[in-house]
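Asker: Below you will find the structure I want to go over with you.
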Amino acid sequence: MPTVASIAIEGAILQMAKCLNLTFAGLLACLVVGCATQSKPSLVNGRRMQKVRTTAYTHTERGGAHNALGTCLSGRHVMSAASDWSHFPLGTRFRIADTNEEYMVDDYGMALIGTDTIDLYKSSRLDMKRWGVRHVDIDILQWGSEEQSLKVLAPRCKNHCVRQMVASLHQKKTQQKKELIAGLDPKKPQQKKKT
């Protein structure tokens, strides 16, 4: 016949096993939920843009071997790209879906102003010509900074095309502020959340 002490010990062991099982189940649930809510590291913004018009350029053209930041154009792991910074801001990082090539916007081009075209840096004139004009799907890995774009562009406003980009960036900022204020307006009826 078991003693009172041994029954208490057995009860404590069973209780501890249940607690461990619940703790383990809780940790496992947190892990599963954490993994499910995290975006893939390769798709930070998780946004695919389809049929983006792309062209190509190289260092032997008018702009030379340096990007808009004054550093060398990159043809390595993450390659340089040029755009209208009011459409794809400085620092926008993306991958071309078909080729897995990764690019970062660190340059702009006068012919790109007012367009959604991205100019891809190629290390040779032959590669540039081979690329030509293509409409490709791109995965946005990181959206660039409009503030950084403005910092770089502001001292260059003597150039007409740069002024156009700056004006477009300021217009976007103003529109975003208006939308934010409209969203905070207490007079505006709030949509009820579905539960």
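The values are calculated or read from the model by the stated rules, or taken from the named source; none is laboratory data. Remember, it's a predicted structure, so these values are computed and weren't measured experimentally. When we count neighbours, we look across all protein chains shown, and the Cβ atoms used for this are built from the backbone with ideal geometry, even at glycine. Protein only, heavy atoms only, side chains kept; ligands, DNA and RNA dropped before computing areas. Shrake-Rupley method; radii C 1.70, N 1.55, O 1.52, S 1.80 Å.
Asker: Out of everything in the stretch 62-72 that is free of Cβ contacts under 8 Å to residues at least 40 places away in the same chain and assigned to a loop (DSSP other than H, G, I, E, B), what residue ends up being farthest from the chain's Cα centre (by Cα)?
Answerer: Across the stretch 62-72, the extreme among qualifying residues is ARG62.
Asker: Right, another one. Just checking, does the stretch 147-168 include any residue being surrounded by 14 or more Cβ atoms within 10 Å (Cβ to Cβ), among the β-branched types (Val, Ile, Thr) and not in a helix (DSSP H, G or I)?
Answerer: no
Asker: Can you give me the number of residues within the stretch 73-121 that are touching a Lys or Arg at 6+ places or on another chain (Cβ under 8 Å) and part of a loop (DSSP other than H, G, I, E, B)?
Answerer: Matching residues across the stretch 73-121 total 7.
Asker: Please specify each residue of the stretch 90-118 satisfying the condition of being buried (at least 22 other Cβ atoms within 10 Å of the Cβ) and in contact with a helix residue (DSSP H, G or I) (Cβ under 6 Å, 6 or more places away or on another chain).
Answerer: LEU90
Asker: Of the numbered conditions (1) open to solvent by less than 70 Å² (accessible area, probe 1.4 Å); (2) among the β-branched types (Val, Ile, Thr); (3) at pLDDT below 90, ILE181 satisfies every one except a single condition; which is it?
Answerer: Among (1) open to solvent by less than 70 Å² (accessible area, probe 1.4 Å); (2) among the β-branched types (Val, Ile, Thr); (3) at pLDDT below 90, ILE181 violates only (1).
Asker: Could you please tell me which pairs satisfy a Cβ distance under 8 Å, a separation of 6+ or placement on different chains, a first residue in the stretch 151-178 that is within 18 Å of PHE88 (Cα to Cα), and a second residue that is open to solvent by 70 Å² or more (accessible area, probe 1.4 Å)?
Answerer: From the stretch 151-178, the pairs are VAL152/LEU69; CYS161/MET110; VAL162/ARG156.
Asker: From the residues in the stretch 122-146 that are assigned to a loop (DSSP other than H, G, I, E, B) and polar (S, T, N, Q), which one is most open to solvent (accessible area, probe 1.4 Å)?
Answerer: Looking at the filtered set, the residue picked out is SER123.
Asker: If ASP98 satisfies all but one of (1) within 24 Å of MET165 (Cβ to Cβ); (2) touching a strand residue (DSSP E or B) at 6+ places or on another chain (Cβ under 7 Å), what's the number of the condition it fails?
Answerer: (1)
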